[in-house]
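Each reported figure results from applying straightforward, stated rules to the coordinates on display, with no laboratory input. As the structure is a prediction and not an experimental result, all values here were calculated from the model. Note that we place each Cβ from the backbone using ideal geometry, even for glycine, and neighbour counts take in every protein chain shown.
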Amino acid sequence: MTQIIDGKLISQQIKDELKEKVTALKAEGKEICLAVIQVGNDPASTVYVGNKKKACEYIGIKSLAYEVPEETTEEELLGIIDKLNNDDSVHGILVQLPVPKHINEEKIINAISPSKDVDGFHPASVGALSIGQKGFVSCTPAGVIQLLKRSNIEISGKECVVIGRSNIVGKPMSMLLLRENGTVTICHSRTKDLKEVCKRADILVVAIGKPRMIDASYVKEGATVIDVGIHRDENNKLCGDVDYASVEPIAGAITPVPGGVGPMTIAMLMNNCVEAGLN
Ligand code: NDP
């Protein structure tokens with residue numbers, strides 16, 4: 001029978017473990033604090049920021065909200081980051097992306113101190129991951145590793161295929177699977193014979209950004225299929241990059257959408273905040 005990987009349950013377990021840690025730290029007089037900066041009021045960003053605040057509240061992390069207007073200049077935003085970098089009571093800094101077009105996103109990411117970079121997007125964090133040093137890891141791929149480990153799915157020695165090479169999902173995902181001793185292949189839009197490559201996978205991670213593109217013809221029988229994608233279909237129903245109805249019957253294990261990878265991202269952000277507080 002196919003194992004359905006329950007991201008909702010696993011993310012809740014992680015949040016409860018973190019809550020315990022944070023409560024113990026509070027008893028020692030240490031309060032963990034995350035600063036969240038939102039520039040403008042893009043509705044999707046407001047929802048994401050709201051969810052992050054709620055998770056902080058649940059775990060007992062203090063959250064500082066910087067909701068600044070759309071017209072905020074790059075210099076002003078860099079000024080806020082600089083102030084937070086130098087504030088010892090702030091452990092994590094997060095700028096909700098995307099930022100408005102007049103602000104250079106790369107400059108903003110680079111300005112956050114790597115020791116407070118809880119999103120794991122700073123070049124120093126990315127570099128540390130690739131050379132096996134300690135540093136913050138991008139939350140969604142870190143969440144996928146937790147899903148696999150907590151579902152007792154072995155990574156070591158397995159053929160792992162990642163579809164997608166974005167900086168926030170595909171690339172760090174590949175590095176993490178490699179760190180866990182998987183044999184990793186990365187696919188992208190120029191990959192030839194995508195189906196054949198995917199069919200080699202014992203673990204197939206799909207982060208392609210195309211609704212229900214990956215059907216059973218891409219999947220080896222018994223493989224673990226992790227669907228990072230999230231979309232609304234023509235009926236306004238949530239779906240992933242994987243055609244769940246087609247793949248579920250032949251997969252050994254699979255993540256649903258919703259309730260698979262999605263809830264893990266915030267759980268791992270909270271984990272990074274606690275780590276930042278312990279440093
Ligand atoms: P991007 O659009 O940045 O990257 C998509 C990748 O897929 C690219 O590397 C692209 O290749 C590759 N690709 C596109 N089309 C094909 C194709 N036909 N064949 C092979 N490869 C292809 O997306 P993200 O990595 O940011 O996100 C991926 C998905 O995950 C999205 O659905 C997004 O919504 C979701 N997501 C979910 C999160 C969560 O918390 N659950 C968090 C982040 C993302 P190339 O590089 O050559 O263009």
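Data table
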read-out	value
All-pairs alpha carbon distance profile, the stretch 102-174, 10 Å steps from 0, percent	18, 45, 28, 8, 1
Ascending count of other beta-carbon atoms within 10 Å, so fewest first, for 91, 231	231, 91
Fully extended contour minus Cα-Cα distance, from residue 87 to residue 105, at 0.36 nm per residue	4.3 nm
Using alpha-carbon coordinates, inclination of helix 43-59 to the longest axis of the chain, degrees	80
Packing-based exposure ordering (other Cβ within 10 Å, fewest first) of 19, 107, 116, 192	192, 107, 19, 116
Projected label distance in nm at residue 46 and residue 70, using a 7 Å step from Cα toward the beta-carbon	1.2
Cα pair distances in the stretch 5-100, grouped into 5 Å bins until the bin that holds the longest one, percent each	2, 12, 20, 20, 18, 13, 9, 5, 1
Net charge contributed by nearby residues that have their C-beta within less than 12 Å of residue 185 (K/R +1, D/E -1)	0
Computed lengthening from residue 78 to residue 156, 0.36 nm per intervening residue step minus Cα-Cα distance	23.9 nm
Beta bridges by DSSP in the chain, antiparallel share as percent, to the nearest 5	5
Magnitude of the charge dipole, the chain, Cβ model with Lys/Arg +1 and Asp/Glu -1, debye to 20	600
Candidates 177, 269, 77: whichever shows maximal mean-square fluctuation once the chain is modelled as a Gaussian network with Cα springs under 10 Å	77
Estimated FRET transfer efficiency (residue 13, residue 278; beta-carbon r; R0 25 Å; 0.05)	0.80
Positive dipole terminus of the stretch 1-96, leading residue within 36, 65, 2 (C-beta point charges)	2
Whole-angstrom gap from the stretch 178-202 to the stretch 1-68, using each part's C-alpha centre	32
Kirkwood hydrodynamic radius of the chain, Cα pairs, Å	19.5
Sum of -39500 (n - 2.57) over DSSP H runs of 4+, divided by residues of the chain (222 nm, nearest 500)	-12500 deg cm²/dmol
